[in-house]
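Here's the structure, in structure tokens; my notes come after.
Just so it is clear, none of the values below were taken in a lab; they were calculated from the coordinates. Computed from a prediction, not measured in an experiment: that's the story for all the values here. Note: ideal-geometry Cβ built from the backbone for every residue, glycine included; neighbour counts use all protein chains shown.
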Amino acid sequence: MHRYIIKRVLMLIPIIIGVSFIVFFMMDMAEGNALDLIGLDFSEEKLAELYHQYGYDRSVFYRYLLYIKNLFHGSLGTSIIYKKDVLDLYLQRLPATLKLASASVLVAVVLSIPLGIRAATHHGSLTDNASMVLALVGLSMPNYWLGLMLAVLFAQKLHWLPSSGDLNGIWSLILPAITVGTGLMATMTRTTRSSMLDVIRQDYLRTARAKGVPEKRVINVHALRNALIPIITVVGTEMGKALGGAVVTENVFAWPGVGRLIIEAVNQRDTATVTGCIILTAVMISIVQLIVDILYAFVDPRLRAEYSTGGQRSRRKTGPRAAALGLAGKEGAVA
Amino acid sequence: MKKRSVVVLVSLLGAAMVLAACGGVAVAADYEEHIVVAIDTKPTNFEPSGNDSSVLNRLVYDELINYNKVTKELEPALAVKWEWVGDEATVLHLDLREGVVFHNGNAFTAADVAYTLSTNVNANIANYYDHCDIQGDYSVNVVLKAPNADFVNLLTNTLYAGVKDKESCEADPDNGSAIGTGPWKLDLEHTIPGDTIELLVNDKYWGAVPTAKRLTLRYIDSASSRLLALQNREVHAMMSVGETDVEAVKADPALEFKSGSGVGPAKYYFLAFNMMNGAAKDNLYLRQAIARAIDNEDVILAVGDEEAEVSDGAMWGYDAPYRASASDFKTDLSYNLDEAKALVEKAKKEAGGALPELHLISNTSKSINMNHCLVIQEACRKIGVNVVIDETDGAGVNAKTKFNAGGYDMIMHNIPLETWPTGVNRLMVKGNGSNNRALLANEDVEKKLFQATASSDPAVRDKLYKEVQVYVHDNAIYVPSYYGSRNGAQLAGVEGIVWANDGYPEFTYATFKK
């Protein structure tokens, strides 16, 4: 298990280099730079000094190598626009993003799992079809549209909830969380349904029923537990995405999160902020994925056994995640 | 009986006093302590000379001299007296206000003025400021490198002279400049730069102390989201109502629409030809033809600015002194399609055949910019000139027009009409001027500008500045379009906001009756 975690942490190094390389050079391809934006009224001497200070009088390769050197010394650089350390900027916005991401995933999980189970256990019924239509609607609705509609209804018309910002505690969170959560819910409902459909046809459930286990327990304990792994995978992936900042939703609700910071920084050609924030987001996503992998072990004893034996069985096939998804072998389920 | 009367009288008096006291409390409690404002430009840092947030600067810092936008007079602020020493405008003596303290309790002195001016990165200050001769704690001579009669006007702007505390800036280079002497102090602990700025009232302010205790500036990018927040009473006031929302705001009895009307318009919109390497730079007839093909009434209709006024052709400020008028110009560039077509024929001869396709830059930051460009494109189409609109954002525009000097033939742009009469407009024609979107570099113009700046004689300045304007007009370097407004809205019951003509309202004394 430890070896696996260390391996995953080490994998972050190429990820960071790759992400920083792509973002840094893409930012350079855009017209103008942050000094063009803020330095319009600056004296020529000051502008020349700043160009030299930030390396804009040298090639982009030089600037990138300088950035990487500073990165490995623990510095994500200083924002030209904010005149602040990028890590401080990120950490200042992270709580709002964490709050929104957690609330959205919570909304999605609370709604999607019961809905998915109900759809699977009533396969082909009106409930099943209605759930799938609901999921399709959730998937099809763009966040900016849904967000605006919710804001118009609950803020402008009914005056029940704030339309923007993060100044009113949990009340501020409700509309953005529903907006992001609706999209997630759609994906999770479909995953839960299909995963449950796979599981409820297994022999061991028939055995459980034959042994007189109540139907509720058969579904909620025996079936759900075995159907959880794909659901956890989707929850982890969506949580990771949300941690990168729900860019559109954050803009609609003027939410002070990381996504909004990145978009503003892109508009201002603030390369250090964009690159730094995206690197940190990549790290956060990797950490979430690692947690998801560890969670598999808690849910599935087969994987726990694999981790404890150094993952030899799964390495032989396609890795722990693939094993978790049922691709590495079919040893049989433990009811 | 008499005793009873005294008792009744004393009781009534007591009751009256209690009621009066309650009344007093009730008056104070009638006003909300916390004011929230939705703004459209985000304060990203707390260096008054290096950020782009006049709204925030005016709350946190004091300028040395105040410009009264209504009377158009200079008034004392941190400097109580100012005068040029000698005949040349090179040494400015300032007597400073005593008893002023910074937000951290440090006393304001001449050393802070010297520090503020010497660390200012803005070309308007840095190109002229040489040093300060401190003559006492409250007396200083500002020495310039070259004569500049407009320097006094620069000291009215917090961007140029928002006074910082020298001691805290030197002790804390990151946040020291966040400390000013203004009526509001930054609450950095609860502030998210670029999003939410929290301010607490400065109880030790040397001027009138605001009634509210807390002020929050919330950056909300979208005009419709700002309006939603106002309608939902999450904010008390908002900057910049969207063009399509103006009617809705005016029709809502709970809201008040506000604009800079009464103190003049906010911005001056124009079309500039690239005179450095644009395709029309050597073809005067082509530039004049385009100028005459554009109907600025159409432009105003397209941009939907109800408060806008068509420019009369002068490129100087709206009601500024030293302003040229139609009688000064030798060439008529007013809208006339037939004349425009005739000029196009001359332009073709000049070009030796077909006219080039012209690239017009539109700044994507506001939709009205694109509408304006579409009107120009259509006007050009009518006279047989093909125009391609290139969209780019603020950084792209600056990169093209200032630093890379090229890649376009025309640009539709605007400048804010700032507080002093000649400053900004001069920058439109100055070789290295920040608003020189035409990239004009004319030695004669430079010479005249230098002479006008150096002279304190209004007659000399008037003559020189008018000559510059006539040159620019007759050569169709800039095609003036219209004077545009900046607006805002507030809840009915909000008082004390000054909806300034430069588009940056002052929220210092905003109050709201519950």
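Charge dipole (Cα centre; +1 on Lys/Arg Cβ, -1 on Asp/Glu Cβ; no other charges) of the range B:267-484 amounts to roughly 660 debye. Counting only other residues whose beta carbon sits under 13 Å from that of A:GLN156, what net charge do I get with K and R as +1, D and E as -1? Overall, the nearby charge balance is 0. Tell me which of A:THR273, A:SER79, A:ILE287 sits at the most positive position along the dipole axis of chain A, charges placed on C-beta atoms (Lys, Arg +1; Asp, Glu -1). About the Cα centre, the residue reaching furthest to the positive side is A:ILE287.
Toward the positive end of the charge dipole of the protein assembly as shown, with +1 on the Cβ of Lys and Arg and -1 on the Cβ of Asp and Glu, the farthest Cα among B:LEU343, A:LEU261, B:THR90 is that of A:LEU261. Taken over the alpha carbons of the range B:259-383 as equal point scatterers, the Debye sum produces base-10 log I(q)/I(0) values at 0.15 Å⁻¹ of -0.79. Neighbour counts of other Cβ atoms within 10 Å put B:VAL303, B:VAL70, B:VAL143, B:VAL498 in the fewest-to-most order B:VAL70, B:VAL143, B:VAL498, B:VAL303.
May I ask for log10 I(q)/I(0) of the range B:267-484 at q = 0.14, 0.15 Å⁻¹, from a Debye sum over the Cα atoms as equal point scatterers with solvent left out? For the requested q values the scattering log ratios are -0.81, -0.94.
For chain B, the relative contact order comes to 20 percent (Cα pairs under 8 Å, sequence separation of at least 6). Panel order for B:GLU243, B:GLU75, by other beta carbons found within 10 Å of each beta carbon, from fewest to most: B:GLU75, B:GLU243. Length available on full extension from A:ARG58 to A:MET29: 0.36 nm per residue minus the Cα-Cα distance, which gives 8.9 nm. Could you pull out every one of the lysines with an alpha carbon less than 20 Å from that of B:LYS72, ignoring same-chain neighbours closer than 8 positions? Candidates past the 8-residue exclusion: B:LYS81, B:LYS267.
Which is the longest part of chain A that has none of the trypsin sites (Lys or Arg not before Pro) sitting in a DSSP loop with at most 14 other Cβ atoms within 10 Å? Longest site-free region, per DSSP loop and neighbour criteria: A:59-200. Under a model in which nothing but the beta-carbon of Lys, Arg (+1) and Asp, Glu (-1) is charged, chain A shows a dipole of about 2060 debye around its Cα centre. Looking at chain A, do any whole DSSP H helices span at least 30 angstrom along their long axis by alpha carbon and average 0.5 or above on Kyte-Doolittle, and which? Membrane-span-like by this criterion, though nothing is claimed about a membrane: A:86-121, A:170-199, A:271-299. Ranking of B:MET275, A:MET132, B:MET428 by neighbouring Cβ atoms within 10 Å, starting from the fewest: A:MET132, B:MET275, B:MET428. Straight-distance candidates among the lysines for linking to B:LYS430, with alpha-carbon spacing under 16 Å and chain neighbours fewer than 8 residues away dropped: B:LYS402, B:LYS447, B:LYS448, B:LYS466. Could you work out the mean count of beta carbons from other protein chains within 10 Å of each residue's beta carbon in B:37-45? Neighbouring Cβ atoms belonging to other protein chains average 3 per residue here.
Span-like helix criteria (full DSSP H runs; alpha carbon extent of at least 27 Å along the helix axis; mean Kyte-Doolittle hydropathy of at least 0.0) are satisfied in chain B by B:2-29. Mind checking the range B:268-373 for trypsin sites (Lys or Arg not before Pro) that DSSP puts in a loop (not H, G, I, E or B) and that have at most 10 other Cβ atoms within 10 Å? Taking the range B:268-373 and a limit of 10 other Cβ atoms within 10 Å, the loop trypsin sites (Lys or Arg not before Pro) found are B:LYS330.
Taking 7 Å steps out from each Cα toward its Cβ at A:HIS159 and B:LYS204 produces label points 4.1 nm apart. For the segment A:157-168, counting C-beta atoms of other chains within 10 Å of every residue's C-beta and taking the mean gives 5.
Mark the label point 7 Å from the Cα of B:VAL460 along Cα→Cβ and return the residues of the range B:115-146 whose backbone N is within less than 16 Å of it. So the set is B:146. Note on chain A: Lys pairs 8 or more places apart or on different chains, Cα atoms under 20 Å apart, count 6.
At the listed q of 0.06, 0.08 Å⁻¹, the Debye profile of the protein assembly as shown, built from one uniform point per Cα, gives log10 I(q)/I(0) equal to -0.51, -0.84. Shape analysis of the range B:75-167 yields a ratio of the Cα radius of gyration to the Kirkwood radius, Rg/Rh, of 0.93. Counting only other chain Cβ atoms within 10 Å of each residue's Cβ, the peptide B:219-231 averages 5.
Projected label points at B:HIS131 and B:GLU75, each 7 Å from Cα along the beta carbon direction, are separated by 3.6 nanometres.
Note on chain A: GNM, Cα springs under 10 Å; of A:PHE253, A:PHE25, A:PHE61, the largest mean-square fluctuation is that of A:PHE61. Other residues whose C-beta falls under 11 angstrom from the C-beta of B:ASP203 contribute a net charge of +3, scoring Lys and Arg +1 and Asp and Glu -1. Restriction of the GluC sites (Glu not before Pro) in the range A:12-101 to DSSP coil positions whose beta-carbon has at most 14 other beta-carbons within 10 angstrom yields no sites. The loop-placed GluC sites (Glu not before Pro) in the range B:76-123, going by DSSP, that have at most 13 neighbouring Cβ atoms within 10 Å of their Cβ come out as B:GLU98.
Count Lys and Arg as plus one, Asp and Glu as minus one, and take only other residues whose Cβ is under 11 Å from that of A:VAL252; the net charge is then -1.
The dipole here belongs to the protein assembly as shown: it is taken about the Cα centre, uses +1 on the Cβ of Lys and Arg and -1 on the Cβ of Asp and Glu, and is about 5040 debye. Based on the Cβ-Cβ distance from B:LYS250 to B:ASP174, what FRET efficiency comes out when R0 is 45 Å, to the nearest 0.05? So the FRET efficiency works out to roughly 0.50.
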